[in-house]
Structures are given as structure tokens and as C-alpha cells.
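The values are calculated or read from the model by the stated rules, or taken from the named source; none is laboratory data. Since the model is a prediction, treat every value here as computed from it, not as a measurement. Cβ placement follows ideal geometry from the backbone for every residue including glycine, while neighbour counts extend to all protein chains displayed. Just the protein is used for accessible areas: all its heavy atoms, side chains included, with ligands, DNA and RNA removed. Shrake-Rupley method; radii C 1.70, N 1.55, O 1.52, S 1.80 Å.
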Amino acid sequence: MTEGSFRPNYRLPNRIQRMRGAVALFILYAIVLVAVPLVVIHFVATYGVSVSLPLLLIVGGGAAIAVLSSWAEYRKPTSGYGPLRMVASGATLVYVLALVYFASISFQGTVEGHPIALNVGYAGLLYLIAILPLLGLLSGLFLTLQDRSYPGKRLLKDYPVR
Amino acid sequence: MASSPPPTAPSERRTFAFYYASKALSWGGTALAVALMIFLATVGYSASELTYEGISFPAARSVGNNIADFNTSVDLANPGYYSLDPFGIVIHLLSNRSVLMGVGSTPMHSVPGGGSTEIPVVLPVDLASPAAQSLLVNNTVLETVIWVNGTYASLFPLHLQLTEQVPWGAPFHGLRYVVGAGEPQPNGTLAFPFNLSFTDDSRLPIVGTLLFRVTSPSGATCGTGSLGIIRLPGQSYSGGTRVYVQPSCGPTAIDLTFESPLMTLELPPEALP
């Protein structure tokens with residue numbers, strides 16, 4: 001086998017493909033974490049349901065997670081992927097734990113002629129959800145260790161030649 | 001020639017150990033996310049199936065030391081998948097002037113998923129309190145404020161405040177007594193004809209003695225009398241007697257007290273004609 005006929009057994013996406021993937025992920029995250037919550041909060045408010053979440057936190061936190069996650073996706077073929085996933089997951093974890101302080105939904109209105117006030121907390125659910133970024137954080141840590149221990153080897157798995 | 005395992009296999013496992021661990025965590029996260037979504041969907045469905053029947057008031061009663069214990073109950077149906085545990089109720093009974101008349105509460109209950117429960121609440125009302133005095137003689141509408149505290153599906157603490165209007169039937173509804181002009185008696189006293197009528201619109205049987213006392217402007221007793229009364233809920237009473245007083249006493253008002261072995265109630269006083 002001559003040097004000129006060498007074929008790597010992985011195939012990296014080019015910069016444009018990675019950019020497309022990152023933008024798609026950013027749009028997905030922006031919709032799920034920012035647009036949908038804002039629409040839902042506005043919608044339920046018309047029925048007297050108050051979700052005591054600061055809009056700035058939703059927009060800021062959601063945008064930060066979207067940017068960090070899509071940036072990590074863009075850097076997937078590099079050794080920066082693992083640390084970036086850790087940063088994105090860490091930001092998500094902080095975001096979810098910040099939401100715990102505002103984790104209540106209240107309703108004031110009239111049901112069948114009776115004045116009613118209902119308050120439901122969901123901090124416990126958020127603690128459960130916080131397990132997800134925690135797993136992401138650990139996953140990013142292992143990816144970082146993988147890339148430190150065997151630089152470049154991960155590409156064989158992530159971008160195999162089909 | 002005997003075959004041997006590929007020499008690269010253990011090496012690959014070692015090489016990609018961190019990668020596989022990372023992937024396992026990612027898949028675990030995905031599975032957890034899916035499980036959470038299913039959980040949330042079922043919680044939402046189950047919570048929408050919760051139904052509450054308003055309190056029945058008063059369903060029954062017992063009286064002692066002027067305290068009427070109204071035994072009400074709250075019916076709750078929980079046909080969904082998750083329990084409401086723990087679950088407690090506090091009820092405040094307010095007069096039509098928003099004066100607190102009684103407080104009832106329950107110990108913490110558990111309403112399992114797929115079940116329903118009827119939770120009894122005892123609501124003691126002090127009938128001798130100033131706030132209750134007008135309620136003895138006037139039918140009205142009272143307000144109950146119900147607080148429900150509980151945790152649904154082990155994760156969602158909920159606090160519900162519900163206000164309900166409940167009709168109140170007075171035990172001496174429409175109490176009316178007419179005192180006629182004093183008639184001089186041979187012994188020098190004055191006899192005041194005294195007629196009394198009311199309807200027992202409560203669910204309390206009225207069994208006792210109505211004591212009346214004619215008083216002077218200084219509050220001194222000029223004369224006394226009594227009427228034995230037995231009336232079942234919903235029955236009307238109409239009856240009368242005479243009260244004899246000394247003219248020198250200067251009778252100006254009449255005080256009424258209902259006495260029974262279980263309670264002593266001061267009824268609103270009335271001026272004499």
C-alpha cells in the first residue's frame with residue numbers, strides 16, 4: 001500500500017455540513033426552550049393561569065443553552081467537543097435549578113360559580129429533570145477523557161465510513 | 001488450524017471505554033427524557049380526571065356547651081393513575097359579615113389513584129358567640145372557605161382555596177314576640193301578655209325552656225317567666241304566656257334566654273311597648 005492510496009476509515013463532515021447541523025440544532029433548541037415556553041405562558045395567562053417564570057430567564061437561559069449546544073455540535077469532530085458539552089450541560093443544569101425558585105403555577109378564577117385559587121408547585125419535577133443535564137455533564141466528561149486518552153480515535157465511531 | 005479470537009477486540013474495548021460510557025449516559029438520558037414525558041402526560045391526564053364534590057352543610061349535628069358540631073364531608077374522586085398523598089382540608093365558616101364563626105380541619109388523608117374518598121370534617125360553631133347571635137334568629141347565607149393541601153403524584157404540592165356559599169337555617173328563624181299592654185291585677189301587679197313565634201329552620205331540634213326576664217332601665221329584674229318548647233327541625237312554634245311585674249319597677253325591656261341541657265343561648269333583647 002502506497003502513501004497515495006491511504007484512506008482514513010472515518011469521514012469528517014465539512015465545515016458547511018457542520019454549520020448546517022449546528023444551525024438546525026440551534027433552531028430546534030430555540031423553539032423548544034424559548035418560543036414554546038413563551039407561547040404557552042402567554043396562552044395559559046388568557047385563562048387566568050399565572051406561571052411565575054421571569055421571561056428574561058427563559059429567553060436568556062434558553063438562548064444560552066441553544067448557543068452552547070449548537071456550538072458544541074459544530075465542534076464535534078474536535079477535542080473541544082467534550083468540554084463544550086460539559087459547559088452546555090452545566091449551563092442547562094444551572095438553568096433548571098434556577099427555575100426551581102419559580103416553580104409554581106397559580107390559577108385564580110371562578111369554577112362553576114365558586115371563587116377558586118389554586119397553586120401547584122413543580123420543583124420536584126425540575127429536580128428530576130435536572131438529572132438529564134447531569135447525565136450530559138458526565139457524558140461530556142467521558143468524551144473529554146476519551147479525547148485526552150486517545151486523541152482522534154473517537155472519530156472512528158462518530159464518523160465511520162459507510 | 002484452530003481459530004483464535006481477534007487480537008484487536010480487548011484493545012478496542014479499552015480504547016473506547018470512555019466513549020462507550022459517554023454513549024451509555026447519552027442513551028440513558030434519552031430514555032429518562034422519554035420516561036419523563038410519558039410520566040408528565042399521564043400526570044396531566046390523571047389530574048384532569050380529579051373531581052371534587054362540594055361540601056354538604058350541615059349534614060348532621062351535635063350540640064354541647066353551646067358548641068354545635070356540624071359534621072360535613074368532602075367527596076373527592078381520583079380515578080387517575082396517581083395518588084393524592086398526603087391530603088388535608090381546613091374549612092373556615094364565615095358569617096355574612098365575614099366574621100370567623102368556626103374552623104374545621106381533617107387529619108392528613110391519602111386518596112389512592114383509581115379511588116375515591118369521602119372525608120368527614122367537623123365544623124364546630126359557638127352558637128353563644130356575638131357573631132352567632134343574629135344567626136340564631138335569621139336565615140342567611142354563610143361563606144365557607146376551604147383550603148385543600150396535598151401532594152399529587154409525589155411531586156406536585158398543591159394548595160387549593162375554594163369559597164362556597166352555604167345556606168344557613170336559623171333555629172329561631174323569624175323570632176317575634178309581642179308584649180301587650182300591662183293589665184292591672186287585683187294584687188297590684190301588672191300582667192303583660194307575651195306571645196312568641198318562630199320557625200326552626202335549622203337541623204337542630206329545639207328542646208328546652210325559653211326564659212324571659214322583664215328588666216327596668218337600670219337592669220333590675222322586674223319579673224320572670226318561662227315557656228317549655230319542643231320543636232323539630234322545620235316546625236313552627238307559636239305560643240304565649242303572661243309575665244307579672246310590679247309597676248314601681250318601671251319595666252322597659254325583656255331579655256330572652258333559651259336553656260337546654262346542652263346549651264344556653266342569649267337571644268336578642270326587645271324593648272317593651
In the calculated pair distance distribution of the protein assembly as shown, what percentage of Cα-Cα distances lie above 35 Å?
58
Regression test value, accessible area per residue of chain A, probe 1.4 Å, units Å², expected 59
Probe 1.4 Å, accessible area per residue of the stretch B:72-186, Å²:
43
Per the Cauchy relation, a quarter of the hull surface: what is the mean projected area of the convex hull of the alpha carbons in chain B, in nm²?
23.9
Ignore the peptide's own chain and count Cβ atoms of other chains within 10 Å of each Cβ in A:142-149; give me the average, rounded.
5
For a quick check of understanding: with a 1.4 angstrom probe and all protein chains in place, what accessible area in square angstrom does B:D69 have, to the nearest ten?
50
Compute the long axis of helix B:17-48 from its Cα atoms, compare it with the longest principal axis of the Cα atoms of chain B, and write down the angle in degrees, 0 to 90, nearest 10.
30
Using the beta-carbon distance between B:T264 and B:K23 and R0 = 56 Å, what value does 1/(1 + (r/R0)^6) give for FRET efficiency, to the nearest 0.05?
0.10
Number of partner chain Cβ atoms within 10 Å, mean per residue of B:121-132
0
Rg and Dmax of the stretch B:95-183, using alpha carbons, in Å: what are they?
19.6, 77
Per DSSP H run of at least 4 residues, take -39500 (n - 2.57); add these up for chain A, divide by its residues and hand me the 222 nm value, nearest 500 deg cm²/dmol.
-19500 deg cm²/dmol
Per residue of A:150-158, how many C-beta atoms from partner chains lie within 10 Å of its own C-beta, taken as a mean?
3
Total accessible area lost when A and B pair, probe 1.4 Å, Å² to nearest 100:
2600
In what order, largest first, do A:H42, B:H109 sit by accessible area if the probe radius is 1.4 Å?
A:H42, B:H109
If I model a spin label as a point 7 Å beyond the Cα along the Cα-Cβ vector, how far apart are those points for B:A271 and B:L94 in nm?
3.4
Give me the Debye-computed log₁₀ of I(q)/I(0) at q = 0.12, 0.19 Å⁻¹ for chain A, equal point scatterers on Cα only, no solvent, two decimals.
-0.67, -1.19
HN-Hα couplings for the stretch A:72-89 via Karplus (6.51, -1.76, 1.60; θ = phi - 60°), in whole Hz with x for Gly/Pro, come out as 4, 4, 5, 8, 4, x, 9, 6, x, 4, x, x, 5, 5, 5, 5, 4, 5
Carbon and sulfur atoms: what percent of the 1.4 Å accessible area of chain B do they account for?
57
Would you mind listing how long the stretch A:59-123 runs along its three principal axes, going by Cα atoms, in whole Å with the largest first?
62, 16, 15
Name the residues of the stretch B:206-247 whose amide N is less than 11 Å from a point 7 angstrom out from the Cα of B:N187 along the C-beta direction?
B:244-246
